Amino acid sequence: MEKNKKNNGEINVRKYLYILKTQIIKSMTYEFSVYGNIIMQTIIMITSAYFWKALYKDRGSVGGVDAESMLTYIIVSSMLSVLLITNVEKRIEMSVMKGTVATDMMRPVNIFGMYFAEDLGGVFALVFQNMLPILIIGTLLIKVPVMADVSALPLFVIAVLESFMINWLIAALFGMIAFKTGSIDALIQVKKHLVRLLSGSIIPIWFFPAGVSKVVSSLPFVYIYQLPLSIYIGKGERAEYIAGMQIQFLWLVALAAFFFFIRKKVTRKVMVQGG
């Protein structure tokens, strides 16, 4: 019996790896979408760079961060935005709108596991298609985004991995609204921009008014962008990074638990009522 379980586990892993590989190949074919995303991110990056240069004119530092660190923050934030692209909300919406959700849930692979593998495959493709071009453009037109303390690189990598998971879980939970409302296309766009605003992707939370900053800092969004970016530019001490990462992990666990709870309820309802 244990051998059968092990074999079944290996087969399931192979299925998800196949989905991941297929998504990488599929993502490589959409050249127009790739170029459009690079252009959009480049415009945002350069516009933000000019904004911060103007803000820092004749000032040594603002909010405890100097101009050079802020420019690095902008470049790395643009790169991270590529890693944090999700399609799970749209996939859920399409499945619900087409009425195939019940059939999808009867497949030999978990439907949300499939969506996760697809998003992960898309990210792997975008690292080479989008992130590297954005890094090159940012380096040539703005500055070389050197990490403040290379010894903190492991913390940065772990923080980015956890931020990806938090972002994906929020997206998946948001996508489940489609089971109630059907179309959520407009809401997806609102959610995407709201997350970037509240996560410190464009404007760091430390520039927000004290009251607003306190409220926003209590939400999980700051652990998507601002925590890893703060580690990268060296804003804070190592003890602060570790404390922040502990809270980030707690948010990850809480969101994962909530996701599995909602998924169970949604799956039961769909299988009883049909798609």
Restricting to the range 156-185, count the residues that are among the charged types (D, E, K, R) and in contact (Cβ under 8 Å) with a residue 12 or more places away in the chain.
2
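Determine whether Leu252 is on the phi < 0 side of the Ramachandran plot and surrounded by 18 or more Cβ atoms within 10 Å (Cβ to Cβ). Even if it seems obvious, please write down each step before you answer.
Working: on the phi < 0 side of the Ramachandran plot: yes; surrounded by 18 or more Cβ atoms within 10 Å (Cβ to Cβ): yes.
Yes.
Quick check on Ser213: is it buried (at least 17 other Cβ atoms within 10 Å of the Cβ) and not in a loop (DSSP other than H, G, I, E, B)? Break it down stepwise before answering.
On the way: buried (at least 17 other Cβ atoms within 10 Å of the Cβ): no; not in a loop (DSSP other than H, G, I, E, B): yes.
Judged against the criteria, Ser213 is not a match.
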I'd like to check something: does the range 9-18 contain any residue that is crowded, with 18+ Cβ neighbours inside 10 Å and modelled with pLDDT of 75 or more?
no
Given the conditions (1) within 19 Å of Trp206 (Cα to Cα); (2) at pLDDT below 75, and given that Ser27 satisfies all but one, which numbered condition is not satisfied?
(1)
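Could you pull out the residue among Ala125, Ala178 that is within 27 Å of Gln226 (Cα to Cα) and aliphatic (A, V, I, L, M)? It would help to see each step written out before you state the result.
On the way: Ala178 fails: within 27 Å of Gln226 (Cα to Cα).
Being within 27 Å of Gln226 (Cα to Cα) and aliphatic (A, V, I, L, M) holds for just one of Ala125, Ala178, which is Ala125.
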Return the total of residues in the range 234-258 being in contact (Cβ under 8 Å) with a residue 12 or more places away in the chain and part of a loop (DSSP other than H, G, I, E, B).
2
Which numbered condition in (1) in a helix (DSSP H, G or I); (2) over 16 Å from Ala159 (Cα atoms) is the only one that Ile231 fails?
(2)
Those residues of the range 193-205 that are buried (at least 16 other Cβ atoms within 10 Å of the Cβ) and part of a helix (DSSP H, G or I) come to a total of 4
Search the range 140-183 for residues being assigned to a loop (DSSP other than H, G, I, E, B) and out of contact with any helix residue (DSSP H, G or I) (no Cβ under 8 Å at 6 or more places or on another chain), and hand back the single one that is surrounded by the fewest Cβ atoms within 10 Å (Cβ to Cβ).
Val144
Starting from residues that are surrounded by fewer than 16 Cβ atoms within 10 Å (Cβ to Cβ) and aliphatic (A, V, I, L, M), keep the ones in the range 55-84 and report whichever is modelled with the lowest pLDDT.
Val62
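The values are calculated or read from the model by the stated rules, or taken from the named source; none is laboratory data. Owing to the predicted nature of the structure, the values given are computational and were not obtained by experimental measurement. Ideal geometry is used to build each Cβ from the backbone, glycine not excepted, and the neighbour counts take in all protein chains shown.
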